[in-house]
1. For helix 38-50, what angle does its Cα long axis make with the longest principal axis of the chain, in degrees from 0 to 90 and rounded to 10?
2. Once the Cα atoms of helix 86-111 and of the chain are each reduced to a long axis, what angle between those two axes, in degrees from 0 to 90 to the nearest 10, is obtained?
3. Rounded to the nearest 20 Debye, what is the dipole magnitude of the stretch 47-154 about its Cα centre when Lys and Arg each give +1 and Asp and Glu each give -1 at the C-beta?
4. For the chain, with every protein chain kept in place, what is the accessible area per residue (1.4 Å probe, Å²)?
5. How large are Rg and Dmax for the chain when calculated on the C-alpha trace, in angstrom?
6. Can you give the angle from 0 to 90° between the axis of helix 56-81 and the longest principal axis of the chain, with both taken from C-alpha atoms, to the nearest 10?
7. Could you tell me what percent of the accessible area of the chain is made up of carbon and sulfur, with a 1.4 Å probe and every protein chain present?
8. Just to be sure I understand: if I project the alpha-carbon convex hull of the stretch 87-140 onto a plane and average over all orientations, what area do I get in nm²?
Amino acid sequence: MSKKSVPALLLLPAGVLLTTLAGRVPALVERLYSRSFYPFIGRCLSTATGLLPFSLAEILVFAFLLSAVCFLLRGICLLAKDKRTRREKLANFLFSFLYGAGILYLAFNLVWGLNYYREPLSATLGLDTRPATAAELESLCRYLLAQANSLRLR
């Protein structure tokens, strides 16, 4: 690992800093990311993945897990193979792991993850989210039961 590669290690802390800041200002995330930047990303992803007859996300998760296992096994084999340069190989392995984790975490947050830090839908729609009373819940259940029975007869 050289001094030139040190900035690459800042990707993971940058992702953590981004999510920490996003969690503190949901209104800003809503305005700058969710309502301006993300709709473009969403349309692009939807267009690209809509052409596929399968779930691309499931394939990517499977490929990621398989790659992680292969990466770990490769690292173990490299460490076991040559004991003279074990420390250097371990440092390179850890650097590669942290670099990859940083890229994935930052990319996830920039493409999808910041939406977890936006304002709640209830605030956006102005919904009343106070806890319901037992009487209100009972009334709702009776209404839903009557609706379900009515629809079942049809």
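The values are calculated or read from the model by the stated rules, or taken from the named source; none is laboratory data. Remember, it's a predicted structure, so these values are computed and weren't measured experimentally. Counting neighbours? That spans all protein chains shown, and the Cβs are built from the backbone with ideal geometry, glycine included. To get the accessible areas, we keep the full protein, side chains included, count just its heavy atoms, and leave off ligands, DNA and RNA. Shrake-Rupley method; radii C 1.70, N 1.55, O 1.52, S 1.80 Å.
1. That works out to roughly 80 degrees.
2. Here the helix axis deviates by roughly 30 degrees.
3. Magnitude of the dipole: close to 680 debye.
4. 79
5. That works out to 24.2, 78 Å for Rg and Dmax.
6. Tilt relative to the chain: about 30 degrees.
7. 70
8. 7.1
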